[in-house]
1. Just one of (1) closer than 26 Å to residue A:89 by Cα; (2) acidic (Asp, Glu); (3) out of contact with any Ser or Thr (no Cβ under 7 Å at 6 or more places or on another chain) trips up residue B:57, so point out which.
2. From the list B:87, B:73, exactly one residue is of a type in the set (A, V, I, L, M, F, W, C), at the interface with chain A (Cβ under 10 Å from one of its Cβ atoms) and under 25 Å from residue A:40 (Cα atoms). Which is it?
3. Could you please find all residues in segment A:30-47 being more than 10 Å from chain B (Cβ to nearest Cβ) and under 13 Å from residue A:99 (Cβ atoms)?
4. Can you find a residue that is within 14 Å of chain B (Cβ to nearest Cβ) and modelled with pLDDT of 95 or more anywhere in segment A:74-84?
5. Among (1) buried (at least 17 other Cβ atoms within 10 Å of the Cβ); (2) more than 14 Å from chain A (Cβ to nearest Cβ); (3) more than 13 Å from the chain's Cα centre (by Cα), there is one condition residue B:100 misses while meeting the rest; what is its number?
6. How about segment B:12-47: which of its residues are away from chain A (no Cβ under 13 Å) and either open to solvent by 50 Å² or more (accessible area, probe 1.4 Å) or among the small types (Gly, Ala, Ser) (or both)?
7. Can you tell me how many residues within segment B:40-66 are closer than 19 Å to residue B:103 by Cα, assigned to a loop (DSSP other than H, G, I, E, B) and out of contact with any Leu (no Cβ under 8 Å at 6 or more places or on another chain)?
8. Give segment A:48-57 a look and list any residue that's more than 8 Å from chain B (Cβ to nearest Cβ), more than 13 Å from residue A:93 (Cβ to Cβ) and part of a strand (DSSP E or B), or say none.
Amino acid sequence: NAGVTQTPKFRVLKTGQSMTLLCAQDMNHEYMYWYRQDPGMGLRLIHYSVGEGTTAKGEVPDGYNVSRLKKQNFLLGLESAAPSQTSVYFCASSNLYEQYFGPGTRLTVT
Amino acid sequence: RKEVEQDPGPFNVPEGATVAFNCTYSNSASQSFFWYRQDCRKEPKLLMSVYSSGNEDGRFTAQLNRASQYISLLIRDSKLSDSATYLCVVNNPWSGAGSYQLTFGKGTKLSVIP
């Protein structure tokens, strides 16, 4: 089992560009989450999903969109990247409270 | 008041030392508590759950005090491999039904020195 995988691992964007981060899990988990982690800020929840076809806003959703068309995949989109979105993005999945994290995507917006 | 507060450290301790981390949480309705470990430039991983009666896993002991809304983690006989950031985590009872959302503290950094 690969667990939770994320692509890409690294990305550099220019302000205004768009991109999609892909998260995939092979544990048949119902719940999936996208977080960002910034120095001194800890992990903050962007969006989450409680099942295929559902999404909901977390603590810091502005500037991001998500989709969960298949149970195993959770996509995070940045429509128009801003320097404030420079961060490390983690995806996680769970069936209960134990969340399993992917290795992260390091995104820099210049 | 922040939802989950931790001393950021760093805690620099010699090998073999005992070290304790503390955490306070603000939402008295929280029911589930955890410690996660995060190595440098890696993803967080569950270290242990925290139960009301206290629980131990090898060199690690976790305690919960619901009245004071306080959680602790004790590491005995520290190893070099224990160097990491330790995240205090509580469930978010006001999240959407069935979402099992968690609120993470900012973490306490531990460096074990030879």
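1. (1)
2. On the way: B:73 fails: at the interface with chain A (Cβ under 10 Å from one of its Cβ atoms).
Matching residue, one of B:87, B:73: B:87.
3. Once the filter is applied, which keeps residues that are more than 10 Å from chain B (Cβ to nearest Cβ) and under 13 Å from residue A:99 (Cβ atoms), segment A:30-47 yields A:32, A:34.
4. Taking segment A:74-84 and keeping what is within 14 Å of chain B (Cβ to nearest Cβ), we get A:74.
Keeping just the survivors that are modelled with pLDDT of 95 or more gives A:74.
There is at least one residue in segment A:74-84 that is within 14 Å of chain B (Cβ to nearest Cβ) and modelled with pLDDT of 95 or more.
5. (2)
6. Residues of segment B:12-47 that are away from chain A (no Cβ under 13 Å), as a first pass: B:12-22, B:24-29.
Answer for segment B:12-47, where residues must be away from chain A (no Cβ under 13 Å) and either open to solvent by 50 Å² or more (accessible area, probe 1.4 Å) or among the small types (Gly, Ala, Ser) (or both): B:12, B:14, B:15, B:16, B:17, B:18, B:20, B:22, B:26, B:28, B:29.
7. The first filter runs over segment B:40-66 and keeps only residues closer than 19 Å to residue B:103 by Cα, leaving B:42-52, B:62-66.
Filter once more, so that each one left must be assigned to a loop (DSSP other than H, G, I, E, B): B:42-43, B:51-52, B:66.
Those still in the list that are out of contact with any Leu (no Cβ under 8 Å at 6 or more places or on another chain) too: B:42-43, B:66.
Number satisfying all stated conditions: 3.
8. Step one: list which residues in segment A:48-57 are more than 8 Å from chain B (Cβ to nearest Cβ), which gives A:49, A:51-55, A:57.
Going one step further and asking which of them are more than 13 Å from residue A:93 (Cβ to Cβ), we end up with A:53-55, A:57.
Scanning segment A:48-57 gives a single hit, A:57.
The values are calculated or read from the model by the stated rules, or taken from the named source; none is laboratory data. The structure presented is a predicted model; accordingly, all values stated were derived computationally and were not measured. Positions of Cβ are generated from backbone atoms using ideal geometry, with glycine treated the same way; all protein chains shown enter the neighbour counts. Please note that ligands, DNA and RNA were not included when accessible areas were found on the heavy atoms of the full protein model with its side chains. Shrake-Rupley method; radii C 1.70, N 1.55, O 1.52, S 1.80 Å.
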